[in-house]
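Only the coordinates and a few stated rules stand behind these numbers; no lab work does. Because the structure is a prediction, the values reported are computed rather than measured. Backbone-built Cβ (ideal geometry, glycine too); neighbour counts: all protein chains shown.
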Amino acid sequence: MKRIYVKEEWCLGCHLCEYNCAFANSGMTDMVKALRGKTIYPRIQVEQDENGVTYAVSCRHCKDPLCVKSCIAGALSKKDGVIEIDHDKCVGCLTCVLVCPYGAVVEDGSGVAQKCELCMQNACGTPACVKGCPNGAIVYEERGEAE
Amino acid sequence: MIPLEGQVRIPSGCAVSAMISRDGRRMNGESIIQSMIPMHDRSNGLGGGFAAYGIYPEYRDFYALHIFFNSRSAQSECMTLLKEYFEIVQDEHIKVRKIPQITDEPIIRRVFVSPMQSVLRHLQIDEKELVVRVVNRINAQLDGSYVFSCGKNMGAFKAVGFPEDVGRYYRLEEYEAYSWTAHGRYPTNTPGWWGGAHPFCMLDYSIVHNGEISSYDANRRFIEMYGYKCTLQTDTEVITYIADYLLRRQGLTLDEMAAVIAAPFWSTIEGKSEAEKQKYTYLRTVFPSLLVTGPFSIILGFDGGLMALNDRLKLRSMVVGEQDDMVYIASEEAAIRVMAPDIQNIWSPAGGEPVIVRVKEGAF
Amino acid sequence: MNFYPEFEVVRNDSRCIRCRVCERQCANEVHWYDEDGKVMLSDEAKCVNCQRCVTLCPTRALKIVKSDCRLRENANYSDQTIKEIYRQAETGGVLLSSMGNPNPLPVYWDKILINASQVTNPPIDPLREPMETRVFLGKKPDHISRNADGSLDTKLSPQLSLSMPVMFSAMSYGSISYNAHASLARAASALGIYYNTGEGGLHEDFYQYGKNTIVQVASGRFGVHKDYLEAGAAIEIKMGQGAKPGIGGHLPGTKAVGDVSKTRMIPEGSDAISPAPHHDIYSIEDLRQLVFSLKEATEYRLPVIVKVAAVHNIAAIASGIARSGADIIAIDGFRGGTGAAPTRIRDNVGIPIELALAAVDKRLRDEGIRNNVSIICGGSVRSAADVVKAIALGADACYVATAACLAMGCHLCRSCHTGKCNWGIATQRPDLVKRLNPDIGSQRLINLMDAWRHEIKELMGGMGINSIEALRGNRLMLRGVGLTEKELEILGISHAGE
């Protein structure tokens, strides 16, 4: 299955992926309207290590996902390899945020959890972070890994 | 004033026809004249001509110069020049039949010459090279003189007019040749000039050509590096020089020459045997500037044979027919059917594939 | 003396989402975020108009415009002229510039038009018929020779085989980045053409692309050693460069870092200033010796290119080179690019490539030695149309560098000499170098060349020509517009309508 992979070698730390993600999941058609004057809660986050190396982090859609196991409300599930979250079911306990070893599940600003769903639930097509990365540092590809 | 050949480049469409006896039988010009009649519409009356091989057996050792002169003074100037290099063996009028279709004729002379040995020794060149140099000099520098044929035991006959009229005018039914080529011309921007009609000749090479080559200036600028001067700015002229350069000066075979001027595509070469691949790659690498592109069908006449060749995309029509010892080539099948009404074996050679016909050794 | 900045950053605050991409991407530190006022601010004096921020701004909230604050208008003393005087009065230094001459001097390509077939001769459709662009560069023999069995002796002096008549011209590792070189090398390899190392040597990682590499030997001899010479498919002796005829290359010490200094075989941080002449070449006979030294060193396996700047006497110079044993002459016109050159030289020395090319091709033909050498034409070949015109004027192939840089992202801000290229091309700063991902860079170069090849084929097809060799020197396919008799005479073409 196709997944998002990050090539830190080419990450410029520009954070555009975060804004493209936030916009893609805003449900709006204009980026300015969606993001201007707002704090963004993107599902992909650019991290920086002590050597200044930057890289984006988003859900890996683990083979054996701890978040799904830990969800007390049954809001998280895995469908066709993609871990999805049902916002209506989420009770906001944020256990998933705590258990995710990658920090890929985050709070969405309104109290419930959110995570990367590969832009399958929005109108983007290719994941917005991938499409918008100016240097090919985030790719969406099939690498033949086990689900 | 409308410019003449040499002052401007003149593209033209045309009709070509040829017949040759592989046994070296000599035939009069009636048949070849007749063959041009069904292709009348391929010419526009601004040029027609013929080349005939084997017509001067009694003078076979001498170069037969066919010359147009605009005036007596041009003639005497030219003859003075010729006498510096050649013994004049015979100097005569080319017999013509006055007909209303052919007008404005120049003085037309036939001069058999033999190069002076002292000149050859002095210049340290062979006699063919001497003939080429002197003819080029006359054509490029002498105003009012134009040598339009200069081979041995062959000759070209050309004029402004439709080819069948030109044939009658020159009384070609009175000549006997083992090989005939013919040409009808459809130039697009010239009033027509006698020298500009085809065939175009250099030594025993004669070219009749149908088409307009798009590589003209690339070919011209290359060939002019080697002493040729393209005074007429016609395709036929440059193709003749290319043939002379490749065959006489470089010593290529006819097949090799065809692989230069109508080179096989690289994709075709890829599929050939290792030896052939090397050969074709070599020829295309060494003579890239002599590749001829654009539509053409040419018939190259030479001493003892002829070669027909189409451009590699076959953008011009050309058919070949064979019957007994005869081979016929023409722009249209109709022309061949006139020359050989019950011919069976007619085909259309592929683009870039040369058709080479040779007269039996010793038969001419 | 302080001037009002040359450019203004125009930020449409109603569109700005404070993502701070502009701030993070500007190596010149033009933009910053003011926490107090929650606004983006900028110091326009630092802006070089490279358009990096404009390109990456996700909401198109930015544009860079030319400032209209000008000194009092003067047709003789332009704003730029005056400011350059101020700058020199302040520093006492030679002005430096990068990329090609930007001044409004004649671009002859734009005054030449191409022919097409109508009626008397059919145009050829490249989508349906074969259309050949392969070119061989190198000396061609005067006479064929035959083996004992009568077959052709097909041995030739070394030739470069190009899938299309365009190559990437010399840009040194040092003047441009590792990733830029990687992009060029990979693209040349995939395209079946060549790229050129320039005078900075060849990074060991790129020896694998040797089959598609031309290695350069320049007056500084930087990075030249036996393995280097043997690594490439051809050796280029750089006698001169169109952007700066008469002087040698200049790599600022700030760019001579790490692998660059190692590859060049010079100490880190030292300015790499090539001598103006080759100190073993003070005349044409010396050139012949270097040509044959290099041939000896590589056992006559590789063709030798001699690259010269187009200067006044170029035809005679080329004639000398054609008799020097060189296989190929590269002529670089005065609009050619550079990573750093004195402004006065770049803007005032040399002649247009179109005239130089036409003059050289004619001279070599007049002397009957055009077959001794192939000619490469460089110095602002900007499009497939320029390529076609160059070939028809007489070039065997073209060198492109500025167009290649543009394909890799360059926005022609002409600040290469600062070493702070925001596009990761003309820089050695690791954080900037990584902005050019060679996967993307090479693909864009391949795309550009593919596009040009298609266009070349379309133009050739229109002329009824189905192989590039029938276009070479085919000046009848060109007509001039708005040119004087003299210009037409030098170009060897007729005026439109003739």
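About its Cα centre, the dipole of the stretch B:104-223 is roughly 380 debye, where the only charges are +1 on Lys and Arg Cβ and -1 on Asp and Glu Cβ. Remark on B:G161: its backbone amide H falls under 5 Å from those of B:L46, B:G47, B:G48, a criterion applied only to residues 5 or more positions apart or on other chains, H modelled at 1.01 Å from N. Based on the alpha-carbon gyration tensor of chain B and its eigenvalue square roots a ≥ b ≥ c, which shape applies: rounded if a/c is under 1.5, prolate if not and a/b is larger than b/c, or oblate? The shape class here is rounded. Just B:D23, B:D204, B:D342 to compare: in a GNM of chain B, with alpha carbon springs under 10 Å, which one fluctuates most? Looking only at B:D23, B:D204, B:D342, the largest GNM fluctuation is found for B:D342. If you model chain A as an ellipsoid using its alpha carbon gyration tensor, with each semi-axis the square root of five times an eigenvalue, the axes come out at 22, 19, 15 Å, biggest first. Taking the Cα centre of the stretch C:7-93 as origin, work out the dipole magnitude from +1 charges on Lys and Arg Cβ and -1 charges on Asp and Glu Cβ, in debye rounded to 20. About 400 debye. Beyond 27 Å in Cα-Cα separation lie the following of the pairs B:K229/C:K307; C:K140/C:K362; B:K229/C:K486; C:K362/C:K389; C:K389/C:K486: B:K229/C:K307.
As a ratio to 2.2 N^0.38 Å, the alpha-carbon radius of gyration computed for the stretch B:137-214 takes the value 1.14. Measuring against 23 Å, Cα to Cα, the residue pairs B:K98/B:K158; B:K152/B:K360; C:K139/C:K211; C:K211/C:K244; A:K33/C:K63; C:K262/C:K434 contain C:K211/C:K244 as the ones spanning a longer distance.
Of the three principal axes defined by the Cα atoms of the stretch A:62-115, the extents in descending order read 28, 21, 16 Å.
Simple rule: put +1 on each Lys or Arg Cβ and -1 on each Asp or Glu Cβ in the stretch A:62-115, find the dipole, and look at A:Q114, A:G74, A:G92; the Cα lying farthest toward the positive end is A:G74. From largest to smallest, the equivalent ellipsoid semi-axes obtained for the stretch C:19-69 from the alpha-carbon gyration tensor read 17, 13, 11 Å.
Quotient of the Cα radius of gyration of the stretch B:116-155 and 2.2 N^0.38 Å, N being its number of residues: 1.27. Partner shielding of B:217-227 amounts to 6, given as the average count of beta-carbon atoms from other chains within 10 Å of each residue beta-carbon.
Compare B:N70, B:N219, B:N44 in a GNM of chain B, Cα atoms joined below 10 Å, and give the one with the largest fluctuation. In this elastic network of chain B, the residue with the biggest mean-square fluctuation among B:N70, B:N219, B:N44 is B:N70.
Grab the eigenvalues of the alpha-carbon gyration tensor for the stretch C:7-93, scale each by 5, take roots, and send me the semi-axes largest first in whole angstrom. Don't skip to the end; give the middle numbers.
Numbers: eigenvalues 187, 41, 25 Å².
Semi-axes from the Cα gyration tensor: 31, 14, 11 Å.
Of the GluC sites (Glu not before Pro) in the stretch C:276-356, the ones in a loop by DSSP (not H, G, I, E or B) with at most 14 other beta carbons within 10 Å are C:E299.
How big is the shadow of the Cα convex hull of chain C, averaged over all directions, in nm²? All intermediate terms of the calculation are to be shown ahead of the outcome.
Numbers: hull surface 112.7 nm².
The Cα convex hull of chain C, projected and averaged over all directions, gives 28.2 nm².
Distant-in-sequence amide contacts of A:L76, defined by a placed amide H-H separation under 5 Å and a gap of 5 or more residues or a different chain, comprise A:D86.
Size check on the stretch B:158-197: the Cα extents along the three principal axes, sorted descending, read 35, 18, 15 Å.
What shape does the stretch C:255-302 take by its C-alpha gyration tensor, where a ≥ b ≥ c are the square roots of the eigenvalues and a/c under 1.5 counts as rounded, a/b above b/c as prolate, and the rest as oblate?
Values: a/c = 5.02, a/b = 1.72, b/c = 2.93.
Note, shape of the stretch C:255-302 comes out oblate.
The mean count of C-beta atoms from other chains within 10 Å of the C-beta of residues in C:474-481, rounded to a whole number, is 4.
Legend: mean number of C-beta atoms from other chains within 10 angstrom of residue C-beta atoms, peptide B:289-298, equals 5.
Shape verdict for the stretch C:191-269, please, from the Cα gyration tensor: rounded (a/c under 1.5), prolate (a/b greater than b/c) or oblate. Taking the square roots of the gyration eigenvalues as a ≥ b ≥ c, the stretch C:191-269 is oblate. Of the trypsin sites (Lys or Arg not before Pro) found in the stretch C:61-90, those in coil by DSSP whose Cβ has at most 11 other Cβ atoms within 10 Å are C:R72. What you get for the protein assembly as shown, charging only the Cβ of Lys and Arg (+1) and of Asp and Glu (-1), is a dipole of about 1280 debye around the Cα centre. Would you work out which of B:F162, B:S118, B:L252 lies farthest towards the positive end of the dipole of chain B, given +1 charges on the beta-carbon of Lys and Arg and -1 on that of Asp and Glu, about the Cα centre? Checked the options; the winner is B:S118.
The stretch B:203-254: which GluC sites (Glu not before Pro) are DSSP loop and have at most 14 other beta-carbon atoms within 10 angstrom? Show your work: numbers first, answer last.
Working: sites: B:E212, B:E224, B:E237; in loops: B:E212.
Passing both the DSSP loop test and the Cβ count: no residue.
The protein assembly as shown: percent of C-alpha pairs farther apart than 53 Å? Considering the protein assembly as shown, 35 percent of its Cα-Cα pairs are separated by more than 53 Å. Taking the charge dipole of the stretch C:135-495 about its Cα centre, with +1 at Lys and Arg Cβ atoms and -1 at Asp and Glu Cβ atoms, the residue from C:P303, C:G462, C:G198 reaching farthest to the positive side is C:G462.
Amide H contacts of C:I64: C:V10, each under 5 Å away and 5 or more positions distant or on a separate chain (H built 1.01 Å from N in the peptide plane; Pro and chain starts excluded).
With both partners inside chain C, how many of the DSSP beta bridges are antiparallel, as a percent to the nearest 5? Before the final figure, lay out each step's value.
Numbers: 21 of 50 bridges.
Rounded to the nearest five, the antiparallel share is 40 percent.
For A:K79, the lysines whose Cα comes closer than 21 Å to its Cα, not counting residues fewer than 8 places off in the same chain, are A:K2, A:K63, A:K69, A:K89, A:K115.
Just how far, in whole angstrom, is the stretch A:20-73 from the stretch C:1-54 if you go by their alpha carbon centroids? Measuring centre to centre over Cα atoms gives 27 Å.
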